[in-house]
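The values are calculated or read from the model by the stated rules, or taken from the named source; none is laboratory data. A quick note: this is a predicted structure, and the numbers were derived from the prediction, not measured. When we count neighbours, we look across all protein chains shown, and the Cβ atoms used for this are built from the backbone with ideal geometry, even at glycine. With ligands, DNA and RNA removed, areas are computed over all heavy atoms of the protein, side chains included. Shrake-Rupley method; radii C 1.70, N 1.55, O 1.52, S 1.80 Å.
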Amino acid sequence: MNSEMVFFWTAVAFYGLSAFSYIFGLISMKEKLFSAGLILSFLGLAGNVTAVAFRWIKGGVLPFSDISESITSGVLIAIAIFLIVQASSKRLRAIGALVMPVAFVLIGWAGTLMKEVSGQIAPSLQSYWLWFHIVGASTGFGAVLVAAGTGLVFLLKERYKTGIYEKLPDPDSLDNLNYRFVAGGFIMFGLMLISGALWSNQVHGKYWNWDPVESWSLVCWLIYGMFLHLRITMGWRGRSLAWYSMVAVLVMITSYWGIPFVVQNFHTGFRIEH
Amino acid sequence: MQLKGNRNSGGRWRKLRIFNQLYNFLSSVRLTIVLFVLILISCVTGTALLPVPVARLFIFSSIWFNVLLVFLISNVAFCFFPKIWRRKIDLIFAGMIIFHLSFILLFIGIVYDSMFYFRGTIRLTEGETLNLADSRSYDHIEQGRFFERERNLKMWIVLHKLVTGHKVNGKNMGVANEISVGGREEVKRDFIYVINHLEYKGFKFYRARDGFSPLIVLRDRNGNVLYGAYSPLQSIREENKKYLYVIGTAEAPGYIPFPQDSILQQLFYLQAKYYPSPKNSRIGEVFFDVREIVSDDPEDGKELFSGSAALRERVSVGDYFLSMEEVRYWASIDIRHNPGLPLIFTSLWIGFGGIILTTVARLIKRK
Ligand code: HEM
């Protein structure tokens, strides 16, 4: 196994342990397990970053050109955002109970799809729009994943009142946080869609192709747009939106990685034929 | 249609009532929800259940789907704006207004573009010139209802050369086509490759596909040239991921009647496969497969010749000689004209600014 792989699977292992700590922390109501989960997720991130760096150096391109690379880097950014949130407030630890299992399952799946670095720089990847596209996509994913985490914590807080649940933020703040992360995700997806269109226009002279990945990203964006309308225009709050954000993140994950997996090519734009 | 009927039956008020009903319909939140759901269902069906080309034909480019989109836009216009009409405008609000306006602008751009756009694909061999005003120069044309090709596309194009491994600032950009596009006043010459296109008078030229185009020559027994033509070969990807360069269709090898020109007598069916040498792709071997013409199906005819030949080596087929004299590349080039594009991209960025404005204003207000 090369060093990239060692770091990659170490990251997967730490993420897995972290996910278990968080889940058992919730079940057994032990806050110490949350702290352990946090440390483990940090170690996982370190491994994740190192593995991506190895790949980046070896391939010479931003490792984002197939599903497994895209998941690995997407999870990296999502966990980074999660850790920033953790650093800003101690009371939000429980979000990890949703974020970490999702991260673990995704990156584990990515591991099974991993291929050798192709060593070839696909010329279409040398456009600056691609950077915006990737940053938009991965931070957007991180934001809505954290939003879904706050949704879960909101629902738990509503149901249970004692023990560690007492220390969680009040429902209003959770609800508000959920909205903010959705709004942030919505903006980043907007950036992803726009820069994707510009990039596609640069390479193919077509800004919108209705290819499966594009259509699904649009669907996702509209779903989060609907969230904002339900909240702002229709005045929805609390439980319904908490559920909404948790379901929406599933659609999001499906559209990013499920659809390209099923249709067998990660965006037609990435495939250069000669 | 309905409006017309009403005009005939007179009544100004009747007419207004129709407008009122139309307005109520277009501005209802119920319509928004119905539209969102219908669009979502269409997108999901179009991507998860149907193959892409089918979905494109029956959903995404269909009239009904586009009518849904037009309704959505009208809905934004009739629902969002009246709702906020008398509100005090703060920054949060300004952002929302900008955002929804940009959405409408975006669709105006898209509709405008769909009326005047042009999209064509041409294929030419190195050294060849094509007149772009002539529809016969194209493999494929699509255009908006109001686009006039003869008037707008008074230009010609030359493919000078195709280079593989084109380097720009030390970076390998893959295949590049060196082309010139010109009209009466001006000529532009440039390399087009994956992230670079050439623009001439509002038309953009993009590199699409390419392949080999050997010059196949027919001689009589005395060595006099009777006929010669460049025959573009397909690049068919085989299971081992290598390419087979051969006469045929995009999917499978096939035969062409030879000589191909309709004024000459067709002598036999010909298939040619090209095997480029690893060192220089323009020097290689050709494998000829020649059959007698007895019916429309080449397989019915007797095999007249089957074997390979080096560059310029003549092989004997009945009373004739066949040879591959030269190998050039062919390239297909996409020509695009999208006059709505500036409006589309501008409104996207304006809209993006709008959401950011709303969000930032919200954050400031909270503090
Ligand atoms: C289809 C018709 C649409 C209608 C009728 C509509 C209506 C509205 C209204 C009335 C508001 C302001 C709510 C308030 O303060 O009372 C709003 C906000 C907003 N709308 Fe729309 N809208 C439409 C389409 C869209 C679409 C397609 C998107 C993008 C997916 C979108 C994104 C937004 C955003 C981001 C906000 C601001 C939310 C916030 O402040 O965080 N809208 N919309």
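The Cα center of segment B:61-122 and the Cα center of segment B:315-348 differ in position by 37 Å. Each residue, B:VAL187 and B:ARG86, gets one label point 7 Å from its Cα in the Cβ direction; the gap between the two is 6.9 nm.
Neighbouring Cβ atoms from other chains, within 10 Å of the Cβ of residues in A:200-210, number 6 on average.
Once you have a ≥ b ≥ c as the square roots of the Cα gyration tensor eigenvalues for segment B:211-329, tell me rounded if a/c is under 1.5, and otherwise prolate or oblate according to whether a/b is larger than b/c. Oblate.
Among A:ARG231, B:ARG136, B:ARG282, the order of accessible area from largest down is B:ARG136, B:ARG282, A:ARG231, computed with a 1.4 Å probe on protein heavy atoms. Take each residue of peptide B:340-350, count the partner chain Cβ atoms within 10 Å of its Cβ, and average: the result is 2.
Taking 7 Å along the Cα-to-C-beta vector as the label spot, tell me the A:ILE57-B:VAL294 distance in nanometres, rounded to one decimal. Output for this residue pair reads 6.8 nm.
Taking all Cα pairs closer than 8 Å and separated by 6 or more residues, the relative contact order of chain A comes to 19 percent. The calculated FRET efficiency for the pair B:ALA229 and B:PHE146, based on their C-beta separation and a Förster distance of 35 Å, comes to about 0.35.
The relative contact order of segment A:1-117 comes to 35 percent, based on Cα pairs under 8 Å that sit 6 or more residues apart.
Measuring r between the beta carbons of B:VAL34 and B:SER316 and using R0 = 56 Å, the FRET efficiency lands at 0.15. Carbon-plus-sulfur accessible fraction, the protein assembly as shown (probe radius 1.4 Å, protein heavy atoms only): 61%. In this structure, the amide hydrogen of B:ARG328, modeled 1.01 Å from its nitrogen in the peptide plane, lies closer than 5 angstrom to those of B:SER213, B:LEU215, counting only residues at least 5 positions away or on a different chain.
Across segment B:346-367, the residues whose backbone nitrogen lies under 15 Å from the label position 7 Å along the beta-carbon direction of A:TRP208 are B:346-352. Computed from phi, the 3J(HN,Hα) profile of segment B:184-199 under the Karplus parametrisation 6.51, -1.76, 1.60 (θ = phi - 60°) reads 6, 8, 9, 10, 10, 10, 6, 8, 10, 8, 3, 10, 9, 10, 10, 10 Hz, with x in place of Gly and Pro. Figure note: B:ILE364, A:ILE81, B:ILE263 ranked by solvent-accessible area, largest first, 1.4 Å probe, ligands and nucleic acids not counted: B:ILE263, B:ILE364, A:ILE81.
Between B:LEU270, B:LEU101, B:LEU91, the residue with the greatest mean-square fluctuation in the GNM of chain B (Cα pairs under 10 Å linked by springs) is B:LEU91. Here the contact order of segment B:211-329, divided by its residue count and restricted to Cα pairs under 8 Å and six or more residues apart, works out to 25 percent. Label-to-label distance for B:VAL111 and B:ARG56 is 2.5 nm, based on points extended 7 Å past Cα in the beta-carbon direction.
Per-peptide packing, taken as the mean over residues of other Cβ atoms within 10 Å, places B:64-77, B:197-210 in the sequence B:197-210, B:64-77 from highest down.
Couplings 3J(HN,Hα) for segment B:259-275, derived from phi with the Karplus relation 6.51 cos²θ - 1.76 cosθ + 1.60 (θ = phi - 60°), are x, 7, 5, 6, 7, 9, 6, 7, 9, 6, 8, 10, 10, 10, 10, 10, 10 Hz, where x marks Gly and Pro.
Our note on the geometry: Cα centres of segment B:285-308 and segment A:143-173, 75 Å apart.
Among A:LYS58, B:LYS273, A:LYS32, the order of accessible area from largest down is A:LYS32, A:LYS58, B:LYS273, computed with a 1.4 Å probe on protein heavy atoms. If you run the Gaussian network model on chain A, springs between alpha carbon atoms under 10 Å, then out of A:ALA51, A:ALA87, A:ALA103 the most flexible one is A:ALA87.
On the basis of the beta-carbon distance and an R0 of 30 Å, A:MET5 and A:ILE27 show a calculated FRET efficiency of 0.35. Put simply, the amide H of B:ASP210, placed in the peptide plane, has neighbours under 5 Å in B:SER332, leaving out anything fewer than 5 places away on its chain.
Leaving ligands and nucleic acids aside, the A/B contact buries around 4100 square angstrom of accessible area in total at a 1.4 Å probe radius. Taking a ≥ b ≥ c as the square roots of the eigenvalues of the Cα gyration tensor, an a/c ratio of 1.5 or more together with a/b no larger than b/c marks the protein assembly as shown as oblate.
When the Gaussian network model of chain B links Cα atoms closer than 10 Å, the mean-square fluctuations of B:GLU142, B:GLU326, B:GLU185 top out at B:GLU185. Is the shape of chain A best called rounded, prolate or oblate, per the rule: a/c under 1.5 gives rounded, else a/b larger than b/c gives prolate, else oblate, with a ≥ b ≥ c the square roots of the Cα gyration tensor eigenvalues? Cα axes put chain A in the oblate bin. Scalar couplings 3J(HN,Hα) for segment A:29-35, obtained by applying the Karplus form with A = 6.51, B = -1.76, C = 1.60 to θ = phi - 60°, are 6, 9, 5, 4, 5, 4, 4 Hz; x denotes Gly and Pro. Note that the protein assembly as shown presents 50 Å² accessible area per residue, ligands and nucleic acids not counted, probe 1.4 Å.
Consider a paramagnetic label point 7 Å from the Cα of A:MET234 along Cα→Cβ; state which residues of segment B:83-101 have an amide N under 19 Å from it. It comes to B:83-84, nothing else.
Partner shielding of B:202-208 amounts to 2, given as the average count of beta-carbon atoms from other chains within 10 Å of each residue beta-carbon.
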